[in-house]
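S.K.: The structure is given below, and queries will be raised subsequently.
The values are calculated or read from the model by the stated rules, or taken from the named source; none is laboratory data. Because the structure is predicted, anything quoted here is derived from the model rather than measured. Cβ sites come from the backbone with ideal geometry, for glycine too, and all protein chains shown count toward neighbours. Just the protein is used for accessible areas: all its heavy atoms, side chains included, with ligands, DNA and RNA removed. Shrake-Rupley method; radii C 1.70, N 1.55, O 1.52, S 1.80 Å.
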Amino acid sequence: MKLCALETVRTQINENLLWVRVETESGLEGLGETFFAPATVEAYLHEVVAPLVLGRDAADIGAINRQLIRYPVGYASSGVEMRAASAVDIALWDLFGRSVGRPLHAMLGGRARKDIRIYNTCAGPHYVAKRRGTDVDTWFGTNQKPHPLDDLHAFEEEPERLARELLAEGITGMKIWPFDRAAFANGGVDITPAQLEAGLAPFRRIRDAVGSAMDLMVELHALWDLASARRIVRAIEPLSPLWIEDPVRMDDNAALATLANDTRIPLLASETLAPASSFASLIASRAVGIVSLDPGWCGGISQARAICDMAAAAQLPVAVHDCTGPIGYVAGTHLSIHAPTAMIQETVRAYTRGWYADVVTELPPIANGRLCPLDGPGLGTTLKPAFLASPTTLRRRSQAGTAT
């Protein structure tokens with residue numbers, strides 16, 4: 001199974017997504033994905049990665065992953081080098097599964113569970129679809145035409161209705177980020193009493209409406225300094241959220257430990273870390289209560305599996321991230337079915353019922369708030385021909401010995 005071609009795919013519909021397709025001489029293909037700065041990652045893939053991997057045996061996943069995550073720079077973060085390595089690794093696992101006719105979760109060692117509970121990240125269909133700038137509404141996608149599944153607008157304006165609607169579908173967890181507007185306004189330094197109350201209001205309104213029937217997750221997006229994060233954590237604690245996510249920069253274990261010692265609420269961290277070695281010190285510090293990871297950022301399936309195993313050895317639950325694209329989501333669901341301590345799977349219903357289905361052929365079925373994995377070979381899904389043929393889709397291909 002010699003690798004003979006690497007193709008990148010971007011779309012003007014979402015400015016942050018990049019797909020990677022790898023192909024063997026026999027015509028077998030595998031598909032991967034990563035997120036943020038796609039044109040930059042694309043250039044790195046064709047200029048640096050393609051010459052390193054084309055011509056090699058596609059089954060040498062471990063050797064290729066080890067080489068790509070140890071490039072002379074970028075090996076201790078989720079930067080361009082690691083995001084490229086992540087996409088290639090996912091694609092190689094997909095290709096390997098397709099070559100033997102087995103789904104990814106089986107390739108990883110089989111199921112730890114037949115299905116898994118989901119929660120809804122309350123984004124809208126246009127959330128983080130544009131390059132990040134200073135305009136928070138463009139970043140949130142709330143400057144677009146209203147949509148029936150704009151759950152971000154709903155949690156800001158009608159959190160009671162949103163909570164009841166999700167519960168009626170069997171979804172018993174929801175994640176919101178009402179403190180982000182203050183972070184954008186203040187640069188993450190200090191939070192006024194009025195801003196603190198405004199951020200608390202949606203959580204209080206949900207608790208008043210549905211009580212403890214809904215698990216609440218607090219997303220802070222690593223936007224705050226330590227002092228401000230401590231104020232937010234202390235203020236939200238009486239509302240008993242399931243977790244508080246990425247309260248400070250995730251490269252500061254000492255700050256995270258300070259917060260962990262301040263609260264009885266578990267801190268979740270962090271899909272922004274990479275690779276598995278970066279999680280080793282975090283897990284050893286015992287500052288993290290729940291481990292989160294993103295296969296499209298952390299170094300791919302190879303590194304994600306190692307992170308899940310470390311979490312299990314430390315008796316820590318795992319919650320795989322998804323708020324990016326459909327292939328990262330599908331890859332994450334296979335991990336959630338396999339990982340020994342996976343507790344819940346992130347979903348975005350504005351994505352899974354919206355534009356994800358315009359891009360890929362299959363998505364994992366969800367019913368009564370639980371998700372089952374795809375059972376087709378590899379990931380069990382691929383890019384739709386109509387999407388690939390769209391004039392808004394941009395493709396670039398490198399072949400063994402050449403680049404185009």
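S.K.: Between Gly378, Gly300, Gly141, where does the largest GNM mean-square fluctuation fall for the chain, given springs only between Cα atoms within less than 10 Å?
M.R.: Comparing Gly378, Gly300, Gly141 in the GNM, the peak value goes to Gly141.
S.K.: Taking a quarter of the surface of the convex hull around the Cα atoms of region 78-165, what do you get in nm²? List each step's numbers first, then the result.
M.R.: Details: hull surface 36.6 nm².
Hull-based average projected area comes out at 9.1 nm².
S.K.: Would you mind telling me which residue in Ala304, Ala85, Ala59 has the biggest mean-square fluctuation in a Gaussian network model of the chain, where springs connect alpha carbons within a distance under 10 angstrom?
M.R.: Looking only at Ala304, Ala85, Ala59, the biggest GNM fluctuation is shown by Ala59.
S.K.: Quick check: the distance between the Cα centres of region 344-401 and region 43-74, to the nearest angstrom?
M.R.: Each part reduced to its Cα centre gives a spacing of 24 Å.
S.K.: Lys384: which aspartates and glutamates have alpha carbons under 20 Å from its alpha carbon, excluding same-chain residues fewer than 8 sequence positions away?
M.R.: By straight Cα distance, Lys384 reaches Glu7, Glu15, Glu23, Glu29, Glu33, Asp94, Asp358, Glu362, Asp375.
S.K.: Quick one: among Glu158, Glu81, Glu346, which has the greatest mean-square fluctuation in a GNM of the chain with alpha-carbon springs under 10 angstrom?
M.R.: Of the options given, Glu158 has the highest mean-square fluctuation.
S.K.: If I compute solvent accessible area with a 1.4 Å probe over the protein chains, what percent of it on the chain is carbon and sulfur?
M.R.: Values: 7710 of 14910 Å².
Answer for the chain: carbon and sulfur cover 52 percent of the accessible area.
S.K.: Next question. By the gyration tensor of its Cα atoms, with a ≥ b ≥ c the square roots of the eigenvalues, what is the shape of region 143-210: rounded for a/c under 1.5, prolate for a/b over b/c, or oblate?
M.R.: Working: a/c = 2.64, a/b = 1.57, b/c = 1.68.
Because a/c hits 1.5 or more and a/b fails to exceed b/c, region 143-210 counts as oblate.
S.K.: Moving on. Under a cut-off of 21 Å between alpha-carbon atoms, report the lysines in cross-link reach of Lys145, not counting same-chain residues fewer than 8 places apart.
M.R.: Here the lysines satisfying the reach criterion relative to Lys145 are Lys130.
S.K.: Could you compute the net charge surrounding Arg21? Neighbours are other residues with a C-beta less than 11 Å from the C-beta of Arg21; K and R count +1, D and E count -1. Before the final figure, lay out the partial values.
M.R.: On the way: positive: Arg395, Arg396, Arg397; negative: Glu7, Glu23, Glu29, Glu33, Asp94.
With Lys, Arg at +1 and Asp, Glu at -1, the neighbours total -2.
S.K.: Another question, then. What's the Cα-based Rg to Rh of region 221-283, Rh via Kirkwood?
M.R.: Details: Rg = 11.3 Å, Rh = 11.9 Å.
Dividing the radius of gyration by the Kirkwood radius yields 0.95.
S.K.: Under 25 °C and 0.890 mPa s, how fast does the chain diffuse according to Stokes-Einstein, given a Kirkwood radius computed over C-alpha pairs? Answer in µm²/s, whole number. Each step should come with its number before you reach the end.
M.R.: On the way: Rh = 21.3 Å.
For these conditions, the coefficient is 115 µm²/s.
S.K.: So which helices of the chain fit the span-like rule, where a helix is a whole DSSP H run, its Cα atoms reach 27 Å or more along the axis, and its mean Kyte-Doolittle is at least -0.5? Please list the in-between numbers first.
M.R.: Working: long enough: 80-100 (31 Å, 0.68).
For the chain, where a helix must reach 27 Å along its axis and average at least -0.5, the hits are 80-100.
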